[in-house]
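Trainee: This is the structure I have questions about; it appears just below.
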Amino acid sequence: MRRHPFFRTLWIAANILFAASIFLVLYGLVREFSTRRYLRGFADAVVPLSGLPEQKVEAILTWMRQGPARRVSAEADSLSPRDPQNTLEYKRLLQVCGTATNAFVNLTHSAGLEARRLLLLDPHQRAKHVVAEVLLDGQWAVVDPAYRFLFRDARGKLLTAQQLRDPGTLGAATRKVNGYPPAYTFEVTTHIRLARVPVVGRPLQTLLDKMLPRWQEAFNWSLVLERESLAHTLAAGLLLCFSLAARSTLSWYGARRLGITRVRLREQLVRAGEALFSNPR
């Protein structure tokens, strides 16, 4: 390998990347485990264990409306909006639709329910409000965590985003909600807004929508987007896969094209074990 300094540099870089990715995966798993324990303990204190799914949702909304005083920070803007602990503990973050939805989705998931965020878009594809959907009785019922209520019709029946596209249904569902902005309508909604990604975001979303019309609903993307620890763990996992592919490619190229025979890690460990534990003659 000394005769091929460029290849040697690439091999060292690939090994450094591999080692770093393993560390990041382990760190992410520990952080995600800690986050899940925190959320589970919080949910157990707020949500009745024996309650029906709808009762659990109402219990979370009641806590958000009437729970104990939360922490106040003069630097709330500097707090990570994707950290569940921040969104649950700081009053200011619970007053913003995006971070309130973050807190609601994480708590609902920890209570054993399926929930996801839903963005309400204006004609220019900009988000004007963020709500949540919870799977109740086989349908995705809409919840507004910022205003702390479930959307219901005049008979008390839960409403879906499709039903709320009707202005009359939306008006009846929000009539008793104090100060609810009439601009928060459901004509255009999305779970993921790739348009925020510079340059490639909008064409990528258009391509995915055409090729895989239900790609946004095939996986609960909200947990990845709303939980920083989970997003970092998945990103570290992808980096690990990339580093493994890079090492395998370099190993193949070195053996086939450069005639470099690499001693595999398992063999190195076996030799090291033999050297440490074998009896000297």
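Trainee: How many residues, within the range 143-181, are acidic (Asp, Glu) and either in contact with a Cys (Cβ under 9 Å, 6 or more places away or on another chain) or closer than 23 Å to residue 53 by Cβ (or both)?
Mentor: So the answer is 2.
Trainee: Then there's this: Of all residues in the range 21-44, which are among the charged types (D, E, K, R), within 26 Å of residue 67 (Cα to Cα) and under 18 Å from the mean Cα position of the chain (by Cα)?
Mentor: Of everything in the range 21-44, those that are among the charged types (D, E, K, R), within 26 Å of residue 67 (Cα to Cα) and under 18 Å from the mean Cα position of the chain (by Cα) turn out to be 32, 36, 37, 40.
Trainee: Next question. Can you name the residue in the range 14-46 that is closer than 21 Å to residue 102 by Cβ and β-branched (Val, Ile, Thr) and, of all such residues, is surrounded by the fewest Cβ atoms within 10 Å (Cβ to Cβ)?
Mentor: Checked the range 14-46; the qualifying residue surrounded by the fewest Cβ atoms within 10 Å (Cβ to Cβ) is 46.
Trainee: Any residue that is touching an Asp or Glu at 6+ places or on another chain (Cβ under 7 Å) and buried (at least 17 other Cβ atoms within 10 Å of the Cβ) - is there at least one of those in the range 196-212?
Mentor: No, the conditions are met nowhere in the range 196-212.
Trainee: Identify, by number, the condition in (1) out of contact with any helix residue (DSSP H, G or I) (no Cβ under 6 Å at 6 or more places or on another chain); (2) part of a loop (DSSP other than H, G, I, E, B) that residue 128 doesn't meet.
Mentor: It fails just one condition, (2).
Trainee: Would the range 109-119 turn up any residue that is within 15 Å of residue 185 (Cα to Cα) and without any contact (Cβ under 8 Å) to a residue 40 or more places away in the chain?
Mentor: No, the range 109-119 contains no residue that is within 15 Å of residue 185 (Cα to Cα) and without any contact (Cβ under 8 Å) to a residue 40 or more places away in the chain.
Trainee: Further question on the same structure: Looking only at residues in the range 93-115 that are within 22 Å of residue 47 (Cβ to Cβ) and part of a loop (DSSP other than H, G, I, E, B), which one is farthest from the chain's Cα centre (by Cα)?
Mentor: 95
Trainee: Taking the residues in the range 159-213 that are polar (S, T, N, Q) and touching a residue at least 60 places away in the same chain (Cβ under 8 Å) as candidates, determine which candidate is farthest from residue 134 (Cα to Cα).
Mentor: 185
Trainee: Pull up the range 213-251, narrow it to residues that are modelled with pLDDT under 85 and loosely packed, with under 14 Cβ neighbours inside 10 Å, then point me to the one that is farthest from the chain's Cα centre (by Cα).
Mentor: Applying the filter and picking the extreme gives 213.
Trainee: Also: What about residue 118, is it of a type in the set (A, V, I, L, M, F, W, C), surrounded by 16 or more Cβ atoms within 10 Å (Cβ to Cβ) and more than 15 Å from the chain's Cα centre (by Cα)?
Mentor: no
Trainee: For the range 128-158, name all the residues that are more than 22 Å from the chain's Cα centre (by Cα) and either without any contact (Cβ under 8 Å) to a residue 40 or more places away in the chain or farther than 26 Å from residue 88 by Cβ (or both).
Mentor: Those that are more than 22 Å from the chain's Cα centre (by Cα) and either without any contact (Cβ under 8 Å) to a residue 40 or more places away in the chain or farther than 26 Å from residue 88 by Cβ (or both): 137, 138, 147, 151, 152, 153, 154, 155, 156, 157.
Trainee: Okay, next question. With respect to residue 125, is the statement that it is touching a His at 6+ places or on another chain (Cβ under 8 Å) and either over 27 Å from residue 88 (Cβ atoms) or at pLDDT below 90 (or both) true?
Mentor: No: the conditions fail for residue 125.
Trainee: For the range 84-108, give me each residue that is buried (at least 23 other Cβ atoms within 10 Å of the Cβ) and either among the β-branched types (Val, Ile, Thr) or touching a residue at least 40 places away in the same chain (Cβ under 8 Å) (or both).
Mentor: Answer for the range 84-108, where residues must be buried (at least 23 other Cβ atoms within 10 Å of the Cβ) and either among the β-branched types (Val, Ile, Thr) or touching a residue at least 40 places away in the same chain (Cβ under 8 Å) (or both): 84, 87, 88, 99, 101, 102, 103, 104, 105, 106, 107, 108.
Trainee: Of all residues in the range 90-142, which are touching a Cys at 6+ places or on another chain (Cβ under 6 Å) and of a type in the set (Asp, Glu)?
Mentor: Result: no residue meets the conditions.
Trainee: Sticking with this structure for a sec: If I ask for residues that are of a type in the set (Ser, Thr, Tyr) and assigned to a helix (DSSP H, G or I), which ones from the range 18-56 would you list?
Mentor: 21, 27, 34, 35, 38 - these are the residues of the range 18-56 that are of a type in the set (Ser, Thr, Tyr) and assigned to a helix (DSSP H, G or I).
The values are calculated or read from the model by the stated rules, or taken from the named source; none is laboratory data. Quick caveat: nothing in here was measured; it's all calculated off a predicted structure. Counting neighbours? That spans all protein chains shown, and the Cβs are built from the backbone with ideal geometry, glycine included.
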